[in-house]
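See below for the structure under consideration.
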Amino acid sequence: MLIRKSPELTYADITPKSLYLGRRKFLQAMGIVGATAVAGKGLFDLALPPQAALAATQFTGLIKSPFSTTEKPNTLNDVSHYNNYYEFGTDKADPAKYAQNFKTAPWTVSVEGEVAKPRKFTMDEILKLAPLEERIYRHRCVERWSIVVPWIGFSFNVLAKLVEPTAKAKYVAFQTFYDPRQMPQAKYGGIDFPYVEGLRLDEAMNPLALLCVGMYGDNLPPQDGAPVRMVIPWKYGYKSIKSLVKIRFQEKEPPTTWNRYSAEEYGFYSNVNPNVDHPRWSQAKERRLGEIFTRPTVMFNGYADQVASMYNGMDLKKFH
Ligand SMILES: Nc1nc2c(c(=O)[nH]1)N[C@H]1C(S)=C(S)[C@@H](COP(=O)(O)O)O[C@H]1N2
Ligand SMILES: [Mo]
């Protein structure tokens, strides 16, 4: 996990596999079946340079978040083989195929704009900002499918407070990494890259807005937005931007990829709302992956208690 190329690391040949499988499964694959966490840690401490060894043990002792739903999570297989990540193709099966060799280390996230303390964070720094939580969220795509995912991360507001937004900061703009050489499928995507998204500052500071570094007890698979993404559970899935490299606090509402593509279909707010139809389909129902029958879609995707007050007095049809 977050294993870096380093002169001390002589296991170069096994690194891709360990990244792909995740540390726990990797240990199992090496025949260390039933190894306790402590024994596993010992082995990695010997095999890896100190900083990588530290990162490799981050996902033990996760805090169970009070924000978690009690609904049954989908399987990791479902969640990692039915994706939207247009940089790696537009078919739901494409990202799992084409993102496998995506280079997610080393990685830095630049935080800039209307902040007193702009800075770049390495992934190791991000992982140390706050205790990692497991948060089981519902996730509802604008295309009417939904999933339940045990994400790992912490509230985005932890990072935001650290950089001290100025009084001028009213919005936050987010940007995905883009490299056409690693993302050759992107040219068929039909949207502009790099992928950009945005939130109003109060939305970004809402504790539900998750800075996400993993899922199912492990690193994010590349197709799910490794190594770090946003997860905004009360909004349509496209607001949950993947593989973040830039975060900018600013005075003006930032442009967003899908709004640029088609403003009537994809608004800036994009709150899950069963009463506001997409111009081409009703949003009243959704299908949970793995289920046959549809279920009703719930206002704010079921998170109204925590988020509805942010939109008091707003016409949610106009500001869809
Ligand atoms: N950079 C980037 N982020 C993205 C997308 C994308 O194409 N590119 N797709 C979005 C959409 S439409 C959805 S539904 C979610 C899907 O997340 P998942 O594949 O982890 O379920 O990612 C969102 N984030
Ligand atoms: Mo989506």
Quick check on VAL111: is it of a type in the set (Val, Ile, Thr) and more than 11 Å from ligand 1 (Cβ to nearest atom)? yes
Taking the range 75-120 and the residues there that are assigned to a strand (DSSP E or B) and surrounded by fewer than 18 Cβ atoms within 10 Å (Cβ to Cβ), the one that is farthest from ligand 2 (Cβ to nearest atom) would be ARG119
Worksheet entry | Qualifying residue in the range 236-250 (condition: under 24 Å from GLU134 (Cα atoms), under 18 Å from the mean Cα position of the chain (by Cα) and surrounded by fewer than 18 Cβ atoms within 10 Å (Cβ to Cβ)) | yes
By residue number, the members of the range 134-162 that are away from ligand 1 (no atom under 16 Å from the Cβ), closer than 30 Å to GLU71 by Cβ and of a type in the set (A, V, I, L, M, F, W, C) are PHE154, VAL158, LEU159, ALA160
Scanning the range 163-206 for residues that are more than 16 Å from ligand 1 (Cβ to nearest atom) and closer than 17 Å to THR104 by Cα gives ARG181
Inside the range 267-288, the number of residues satisfying the requirement of being closer than 17 Å to VAL148 by Cβ and buried (at least 18 other Cβ atoms within 10 Å of the Cβ) is 3
**Asked** Is one or more of the residues making up the range 303-317 assigned to a loop (DSSP other than H, G, I, E, B), farther than 15 Å from ARG200 by Cα and charged (D, E, K, R)?
**Response** yes
Selection from the range 265-296 of residues assigned to a loop (DSSP other than H, G, I, E, B) and within 22 Å of the chain's Cα centre (by Cα) yields TYR266, GLY267, PHE268, TYR269, SER270, VAL272, ASN273, LEU289, GLY290
Scanning the range 73-116 residue by residue, those small (Gly, Ala, Ser) and either touching a residue at least 24 places away in the same chain (Cβ under 8 Å) or within 15 Å of VAL228 (Cα to Cα) (or both) turn out to be SER80, GLY89, ALA96, ALA99, ALA105, SER110, GLY113, ALA116
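Since every read-out is calculated from the coordinates, none of them should be taken as a lab result. All of these numbers come straight from a predicted model, not from anything done at the bench. Please note: Cβ atoms are built from the backbone with ideal geometry, for glycine as well, and neighbour counts cover all protein chains shown.
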